[in-house]
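The structure appears below as structure tokens.
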Amino acid sequence: MPEPLMQARPKHNLGQSGLSIGPIAYGCWRFAGSDVAAAQNKIETAIACGMNLIDTADIYGIDNPAGFGSSEALLGDVFKAQPALRYDMVLASKGGIEPGVPYNSTKTYLMRACEASLKRLRTDTIDLYQIHRPDMLAPFEEVADALSTLRAQGKIREAGVSNYSPSQFRALQANLDVPLASHQPEFSALELGPMLDGTFDQCQETGALALAWSPLAGGALINGKTDDKDLATRLYAVAGVLDAIAAQNSVTRAAAALAFTMMHPARVIPIVGTQTPARIKEAASAIRVKITRSDWYRVVEASLGRRLP
């Protein structure tokens, strides 16, 4: 029997801050819309399960009646109700999406966006502030200037990027005096792009945290459903392999799918966004899943729809 990989998953360190992060993070993109007590319960459950990186963004909640900023505002209300929670977590947020534009990474906008996030979150410092999506009209030196200024002012501890290509990451880094602390792409058993385009290679090269959004493929890996006919065949094949891994470990398919992402040597931290405390606990069981090298590659081949050479 091949030896299972990744039986122990140590904590990660965030940039130069020395802050320690658990192997799974909790995301707030669906967080807005609940009352403060329910929101507090979700955050407390996540932290109790070792998900101490809490990831949000100013754009989260825009589809909710409360609109732009409502996810951050709700998290700020949680801090108001239970101030100690702020110190139990590593707080991450993002800026740079301006509704109707759609992207704005000018220094003026990023400074204003970060300050607005701080106000909504009712905190003095954001531990990790990421550029949400690349602004193709913003010079990298201007983006770097904004991040450096925010850091010098103590408004952020570390800076990172989300949805950047490796070349965009490199160009921004060239204008910064401190290393970028994170790279946040979409990654799941159905979306292998970061393994293939150099993103995770760059994380291993630079030490940037590899944060994965949508690690359950927007729920498709849980319910096995998709409206994309081209994706359906791959989804069926991937689900079959994950189900076998789940059965071997007495966990759900969701836990097996999260464990798949965590096995990459970039030490990927998947961000789970469920709004159900029971499912938060279920996701936490991914840390005890053991997957053999051959089974991990079976997932890859099922996702690619072809055998590896």
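Within segment 220-236, the presence of at least one residue that is buried (at least 17 other Cβ atoms within 10 Å of the Cβ), touching a residue at least 60 places away in the same chain (Cβ under 8 Å) and under 18 Å from TYR297 (Cβ atoms) is confirmed.
Inspect segment 266-276 for any residue being basic (Lys, Arg) and out of contact with any helix residue (DSSP H, G or I) (no Cβ under 9 Å at 6 or more places or on another chain) and give the result as yes or no. Within segment 266-276 (the criterion being basic (Lys, Arg) and out of contact with any helix residue (DSSP H, G or I) (no Cβ under 9 Å at 6 or more places or on another chain)), the answer is no, since none of the residues qualifies. For segment 141-166, filtered to residues that are in a loop (DSSP other than H, G, I, E, B) and of a type outside the set (D, E, K, R), the residue that is nearest to LEU85 (Cα to Cα) is GLY154.
Taken across segment 64-82, residues that are in contact with a strand residue (DSSP E or B) (Cβ under 9 Å, 6 or more places away or on another chain) and polar (S, T, N, Q) do not occur at all.
Candidates are the residues of segment 1-26 that are modelled with pLDDT of 95 or more and either among the aromatic types (Phe, Trp, Tyr) or out of contact with any Leu (no Cβ under 9 Å at 6 or more places or on another chain) (or both); the one that is surrounded by the fewest Cβ atoms within 10 Å (Cβ to Cβ) is PRO23. The helices (runs of 4 or more DSSP H) falling completely within segment 248-309 that include 1 or more residues that are over 16 Å from PRO215 (Cα atoms) map to 277-284, 293-304. Identify all residues within segment 240-279 that are within 13 Å of LEU216 (Cβ to Cβ) and in contact with a Cys (Cβ under 9 Å, 6 or more places away or on another chain); write none if there are none. Selection gives GLY273 alone.
Being in contact with a Ser or Thr (Cβ under 8 Å, 6 or more places away or on another chain) and either at pLDDT 95 or above or not in a loop (DSSP other than H, G, I, E, B) (or both): is that true of LYS94 here? Judged against the criteria, LYS94 is a match.
Could you go through segment 53-64 and let me know if any residue there is without any contact (Cβ under 8 Å) to a residue 40 or more places away in the chain and farther than 17 Å from GLY273 by Cβ. Checked segment 53-64: no residue is without any contact (Cβ under 8 Å) to a residue 40 or more places away in the chain and farther than 17 Å from GLY273 by Cβ.
Only one entry of LEU235, LEU242, LEU211 meets the criterion of being in contact with a Pro (Cβ under 9 Å, 6 or more places away or on another chain) and hydrophobic (A, V, I, L, M, F, W, C), and that entry is LEU211.
Contact map, segment 9-32: first residue more than 13 Å from ILE280 (Cα to Cα) and without any contact (Cβ under 8 Å) to a residue 60 or more places away in the chain, second residue in a loop (DSSP other than H, G, I, E, B) and of a type in the set (Phe, Trp, Tyr), Cβ cut-off under 9 Å, separation 6 or more or different chains; pairs are ALA32/TYR60.
Remark: GLY67 falls outside the filter, which requires a residue to be over 30 Å from ASN104 (Cα atoms) and surrounded by fewer than 23 Cβ atoms within 10 Å (Cβ to Cβ).
Counting residues in segment 118-140 that are under 30 Å from ARG288 (Cα atoms), in a loop (DSSP other than H, G, I, E, B) and free of Cβ contacts under 8 Å to residues at least 60 places away in the same chain gives zero. List the number of the failed condition for LEU74; all other conditions in (1) touching a Ser or Thr at 6+ places or on another chain (Cβ under 9 Å); (2) without any contact (Cβ under 8 Å) to a residue 12 or more places away in the chain hold. That leaves (2) as the condition not met.
The values are calculated or read from the model by the stated rules, or taken from the named source; none is laboratory data. Please read these numbers as outputs of a predicted model, since none were measured by experiment. Note that we place each Cβ from the backbone using ideal geometry, even for glycine, and neighbour counts take in every protein chain shown.
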